[in-house]
């Protein structure tokens with residue numbers, strides 16, 4: 001039954017840590033809008049597009065997917081393509097909220113950057129970050145206050161995902177030491193899939209010069225409010241026009257939970273995660289508005305990797321839930337298969 005008062009839709013776009021081999025590839029060559037958006041990304045990536053496509057479609061990528069040169073651009077592309085797929089159903093989001101690289105994808109969906117300009121900025125970013133010292137990230141089931149005593153040796157709070165989900169970032173040695181100490185103190189920890197210390201000062205030298213690239217790119221006011229996970233507030237014109245705001249995002253901490261609280265403070269929403277996995281969905285389900293049932297969470301893809309059919313079934317189920325929540329959708333019952341341009345033989349069967 002369709003809700004009498006449809007909840008406004010907010011798209012959640014995940015970032016580093018949600019990537020996995022073959023993420024969303026079950027939709028490539030099957031969902032025309034998704035396929036077109038991915039091909040647009042690979043075309044805009046120029047010489048890098050071919051290797052990126054091959055590694056995305058490969059069960060065993062030539063370059064590890066957790067490496068910054070693969071995780072960041074492919075997460076950006078998949079988030080953006082899934083967002084466009086949802087928009088193609090007639091859904092008009094009231095807000096966008098991205099985590100890490102997801103914020104840049106949400107800004108493209110909102111029209112702040114063109115796709116081609118944003119792809120160039122992403123590739124420039126990862127080329128810089130690939131030169132940074134190795135490091136990593138650690139998820140801890142603890143508050144920021146609880147992890148404070150364990151921060152040392154360049155280990156910092158890289159992200160606040162929930163009241164008791166804090167991400168630490170830093171060089172491998174000090175990060176491992178912090179993890180051991182936290183584990184001995186009874187805290188549950190796990191490594192985030194990343195070969196870089198995102199959202200820590202370790203990446204600051206690699207980001208120098210990136211502001212000039214952002215300064216040279218046209219920017220527009222967003223057509224949809226973009227709630228920034230760096231300011232925990234909607235992007236302002238001053239934020240958008242400040243090149244250093246964008247250039248420092250790999251270094252600045254992600255304040256996802258405060259940003260989500262700010263979003264839901266404006267009213268209840270249907271929160272739709274458009275990206276691989278269901279990491280942000282799991283976090284959002286902890287919010288009081290979702291727990292009491294006034295806000296709802298929908299995930300576009302399965303919680304873990306699976307066969308192509310799992311991606312397709314998840315999208316169909318998500319479209320049905322979005323329609324059932326009262327959001328107008330022009331989703332066809334059976335999507336037409338598309339023929340992706342230049343699909344290598346390793347592409348999933350259609």
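Here are some notes:
- Qualifying residue in segment 65-81 (condition: in a loop (DSSP other than H, G, I, E, B) and more than 18 Å from the chain's Cα centre (by Cα)): no
- Look at (1) loosely packed, with under 14 Cβ neighbours inside 10 Å; (2) in contact with a helix residue (DSSP H, G or I) (Cβ under 9 Å, 6 or more places away or on another chain); (3) over 22 Å from residue 21 (Cα atoms) and you find that residue 293 fails only one, number (2).
- Options 181, 238; residue that is surrounded by fewer than 17 Cβ atoms within 10 Å (Cβ to Cβ), assigned by TED's automatic domain parsing to the domain that holds residue 124 and in a helix (DSSP H, G or I): 238
- From the options 288, 328, residue that is exposed (fewer than 15 other Cβ atoms within 10 Å of the Cβ), closer than 29 Å to residue 265 by Cα, out of contact with any helix residue (DSSP H, G or I) (no Cβ under 6 Å at 6 or more places or on another chain) and modelled with pLDDT under 95: 328
- Here residue 225 clears all of (1) in the same structural domain as residue 16 (by TED's automatic domain parsing); (2) surrounded by 16 or more Cβ atoms within 10 Å (Cβ to Cβ); (3) within 28 Å of residue 69 (Cα to Cα) except the condition numbered (3).
- Criterion: assigned by TED's automatic domain parsing to the domain that holds residue 318 and crowded, with 24+ Cβ neighbours inside 10 Å - qualifying residue of 91, 33, 86: 86
- Candidate set from segment 141-155 (those that are modelled with pLDDT of 95 or more and surrounded by fewer than 18 Cβ atoms within 10 Å (Cβ to Cβ)); member that is nearest to residue 230 (Cα to Cα): 144
- Filtered residue count, segment 186-199, keeping only those that are part of a loop (DSSP other than H, G, I, E, B), in contact (Cβ under 8 Å) with a residue 12 or more places away in the chain and over 18 Å from the mean Cα position of the chain (by Cα): 2
- Helices (runs of 4 or more DSSP H) wholly inside segment 95-157 containing at least 3 residues that are over 24 Å from residue 36 (Cα atoms): 115-129, 144-147
- The residues on offer are 40, 59, and the sole one that is over 17 Å from the mean Cα position of the chain (by Cα) and modelled with pLDDT under 95 is 59.
- Filter result for residue 124 (modelled with pLDDT of 95 or more, touching a helix residue (DSSP H, G or I) at 6+ places or on another chain (Cβ under 9 Å), over 27 Å from residue 259 (Cβ atoms) and not assigned by TED's automatic domain parsing to the domain that holds residue 163): no
The values are calculated or read from the model by the stated rules, or taken from the named source; none is laboratory data. Source: prediction; values computed, not measured. Please note: Cβ atoms are built from the backbone with ideal geometry, for glycine as well, and neighbour counts cover all protein chains shown.
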